[in-house]
Each structure stands twice: as structure tokens, then as C-alpha cells.
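Step one of this worksheet: look at the structure below.
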Amino acid sequence: MKYLKVIAFTHKQIELKELGKLVICQENLTAKLQEAKGHFQIPEIFYLATCNRVEFVMATSQVVDKNFAREFIGFLNIGLCPHFLETFISGASIYEEKEALNHLLRTSCSMESLVVGEKEILAQMRKAYECCRSAHLTGDYLRLVMNHVVKAAKEVYTDTNISRNPISVVSLAYRKLRELALTSNARILIIGAGETNKNISKYLQKHKYSNFAVFNRTKSKAEALAAELKGKAYDLADLANYQEGFDVIITCTSSVEPIITKEIYKTLLNGETNRKTIVDLAIPNDTTAEVIEQFPVNYIEVHTLNELSKSNLQERCQELIHAEKIIEQNIIEFIPVLKQRRIELAMRAVPEKIKEIRKRAVDSVFADEIRSMDDQSREVLEKIINYMEKKYISVPMRMAKEIMLSDN
């Protein structure tokens with residue numbers, strides 16, 4: 001496991017409002033990671049960004065420490081001023097080897113989440129990994145790691161009650177929204193058609209809300225969500241000219257710049273002066289501070305859900321103990337899996353080497369002797385060589401596995 005390294009920026013050390021400054025714009029993500037991968041000679045890497053963490057998972061033999069993290073984040077050129085860069089580096093958690101695997105396993109089953117028991121994190125990790133895998137940023141090593149991460153998470157969710165009566169950031173946000181006692185025909189603007197807004201939309205449907213307008217950069221996705229909600233779909237660019245009024249804005253996009261500026265919010269109000277509600281689950285926030293400061297707004301964001309998450313953690317304390325044991329067992333199980341894979345990769349060359357030896361023996365070393373044989377003798381010799389070749393190919397692998405098992 002000596003190659004597994006993680007640089008993690010999470011809600012535990014860094015304010016949620018600040019974490020958004022580390023998010024890489026999706027349009028630039030692959031290019032930036034490919035450049036960093038080449039520049040730092042990192043064989044494999046993937047990037048994870050959620051509402052309460054930004055992490056870089058690497059397979060590399062080089063030293064990964066705070067100095068490396070500083071240079072790495074600086075190279076990504078995501079617009080951090082020196083002050084913020086140092087703040088983030090001081091709050092970074094660096095994991096390697098067994099600790100890195102332990103961290104990834106705990107993260108996958110929500111034990112490192114703001115809300116313990118929420119299942120969204122596993123889907124987010126898988127999606128992040130698949131995105132980087134399809135861009136050829138990862139390889140065989142991180143494939144093995146992610147397979148085990150998924151396995152462990154499924155065991156925790158199946159064998160414990162950690163996710164019983166599941167509570168997620170979305171459900172906590174909706175709970176706060178319900179406390180406002182909105183009418184079922186409240187005008188709701190949904191900005192962004194990603195998983196978070198799809199999930200909160202399910203709660204809204206369940207409680208009979210019916211008046212929706214969906215905005216998204218890709219209009220086809222807005223149309224798909226709007227169809228489920230029986231609402232109207234718009235391009236995100238249409239938001240600046242929307243004048244049909246609203247009571248609630250629910251926003252969660254991957255934009256690194258605010259979507260709801262003071263100017264756009266004034267247009268959306270269309271002259272109305274009563275208190276509105278904004279549910280902003282984006283990191284960084286989609287709403288500028290000016291809107292919150294200058295207008296009467298019930299503002300619900302990830303940061304405000306902290307107290308609810310603390311009570312959630314207390315409720316699940318016993319389940320965490322059970323989950324820790326499952327994770328510990330999975331770490332133990334991963335070591336022989338990794339060793340076996342290394343043996344398989346090392347043994348790939350065995351068949352070709354044996355064939356090379358055979359060819360040299362037949363064509364060169366014993367060429368004269370073989371030519372002096374009759375057809376029947378050469379046929380017998382061919383059978384003997386074929387038999388021995390097959391046996392010699394299987395023997396090293398079998399012996400290596402036996403040694404590995406006896407070591408364990």
C-alpha cells in the first residue's frame with residue numbers, strides 16, 4: 001500500500017464556506033489533472049469534490065507532504081491568493097499507505113461526512129473515480145483500491161444500522177425548509193439539475209409541491225427534471241430575465257462563480273418585497289453575500305446544517321463501533337489482494353520468457369540434433385516440449401500464491 005496517498009481538505013479543518021475556493025471547474029477538470037499528472041509524474045490520480053470535502057487520491061512513490069500539497073495546489077492554478085493557499089495547506093490532511101486506505105473506506109461509508117449515515121457519498125466517490133478513469137487518469141492500482149472501497153461501504157450499509165432512517169444534507173435542508181410551512185403552490189425555482197437537486201425534488205414531490213421552474217446550463221437536463229415535476233424548463237441564461245416571481249430558490253450547481261447575483265435577484269423579485277427563501281447547497285455557494293445582506297431572506301446552506309449533523313452523529317454512535325470493525329477487517333483483507341495482483345502482473349512476462357527459451361533451444365542450441373531426428377521422434381519431442389511449457393508457465397504462479405498464503 002506504500003503508493004497510496006491522499007490530500008484531503010474537509011469540513012473538519014476548513015470552513016465549508018471556504019472549501020468552495022478549492023473546487024475545480026468541471027470544464028477544466030480533466031485538462032488540469034492531466035497537466036498535474038504529467039508535471040509531478042503521478043502514475044494515477046482522481047479528484048473528489050462534494051459539499052464538505054475536496055480530495056486528491058494518488059498512486060505514487062514520491063513523498064506527499066504539506067510542501068508537495070502546496071506546490072501541487074499552486075500548479076493547478078485555481079485562483080487562490082497566497083493567504084488562502086497557506087490557510088488551506090495548514091488545514092490539509094495528508095494520508096498515506098494504510099492510513100490512506102482507512103480514510104477512503106471511512107469516507108465511502110459516510111463516517112467522515114458532515115452527516116453520518118448519508119449514502120450519497122459512495123455514489124459521489126464512484127462517479128468521481130469513473131470520471132477520472134474514463135479520462136485515463138487512473139490505472140490498475142486505483143482500480144483495486146476503489147473495488148475494495150465500494151465493497152467495504154456496501155458491507156457497512158448492509159450489516160449496520162448506520163443509515164437507518166437515512167439523514168443526508170438534502171434531507172436536513174428539506175427539514176429546515178418544511179419548518180417554514182410553505183403552501184403547496186409556492187413558486188419554486190430549481191437552479192441546477194444534478195443529483196442534489198434531483199434528490200431534494202423527490203421530497204418536494206412527496207409533499208405535494210407543484211409549482212416548479214427548472215434552470216440548467218444543459219437545457220435537456222432541465223427538461224428531464226421539469227417533466228418529472230410537471231414544471232417548466234429553462235436555459236440557465238434565461239434566469240437573468242425571468243419575471244414570473246418566486247417564493248423559494250433551490251440552487252446547487254458546479255459553478256465556481258455565484259449564479260444568484262444582486263442584479264439577478266432583483267430581477268427575479270419582479271418588484272415583490274416579502275421575505276423569500278433560498279436553499280443553497282452548492283460549494284462554493286451559488287448566492288452572493290450581497291443578496292443575503294441586503295434582502296429579507298430565509299437562507300439555508302450547508303454550513304447552517306452543522307448542529308443537526310452533530311445530533312445525528314450521537315444517534316449513530318454504537319453503529320460507528322460496528323462499522324469500524326468492518327473497515328478494519330477490510331484493510332486486513334486488502335493486503336493479500338494487493339500482493340496477489342502484484343504477483344499476477346509480475347508473472348505476465350513468464351509465458352513470453354518461456355516461449356523465448358523454447359525458441360532459442362529449438363532454433364539454435366539444439367537445432368542440429370533436432371534436424372537429425374526422424375519425423376516420429378520430432379513429433380514426440382514437440383509433445384514433450386509443449387507439455388513442459390504449459391507446466392512451467394503455471395508453476396511459478398502457483399508457488400508464488402502458496403508463499404503469499406503462508407506469509408499471511
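The table below lists the values:
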read-out: Using θ = phi - 60° and Karplus 6.51 cos²θ - 1.76 cosθ + 1.60, couplings along segment 284-289 (whole Hz; Gly, Pro as x); value: x, 4, 7, 10, 6, 4
read-out: Greater than 22 Å apart at Cα, pairs in Lys176/Lys208; Lys37/Lys339; Lys119/Lys276; Lys176/Lys206; Lys355/Lys383; value: Lys37/Lys339; Lys119/Lys276
read-out: Residue of Ser184, Ser364, Ser90 that the Gaussian network model of the chain assigns the largest fluctuation, springs spanning Cα pairs under 10 Å; value: Ser364
read-out: DSSP-loop GluC sites (Glu not before Pro) across segment 1-83, with at most 15 other Cβ within 10 angstrom; value: Glu15
read-out: Compactness of segment 203-339, expressed as Rg and Dmax over alpha-carbon positions, Å; value: 20.7, 67
read-out: Cα-Cα separations in segment 4-166 greater than 24 Å, expressed as whole percent; value: 31 percent
read-out: Set of aspartates and glutamates near Lys230 by C-alpha distance (under 17 Å), chain-local residues within fewer than 8 positions excluded; value: Glu244
read-out: Cα Rg, Dmax, segment 8-50, angstrom units; value: 12.1, 32
read-out: Read-out Cα Rg over 2.2 N^0.38 Å, derived from the coordinates shown; its label in [x] 1.02; [y] 1.30; [z] 1.47; value: [y]
read-out: Neighbour-count ranking [beta-carbon atoms within 10 angstrom, fewest first] of Thr196, Thr30; value: Thr30, Thr196
read-out: Whole-Hz couplings from phi, Karplus 6.51/-1.76/1.60, listed for segment 123-140; x for Gly and Pro; value: 4, 5, 5, 5, 5, 4, 5, 4, 4, 6, 5, 5, 8, 6, 8, 10, x, 5
read-out: Residues Glu290, Glu179 arranged by fewest to most Cβ contacts within 10 Å; value: Glu179, Glu290
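Since every read-out is calculated from the coordinates, none of them should be taken as a lab result. Worth saying up front: this structure is predicted, and the values here are computed from it rather than measured. Note that we place each Cβ from the backbone using ideal geometry, even for glycine, and neighbour counts take in every protein chain shown.
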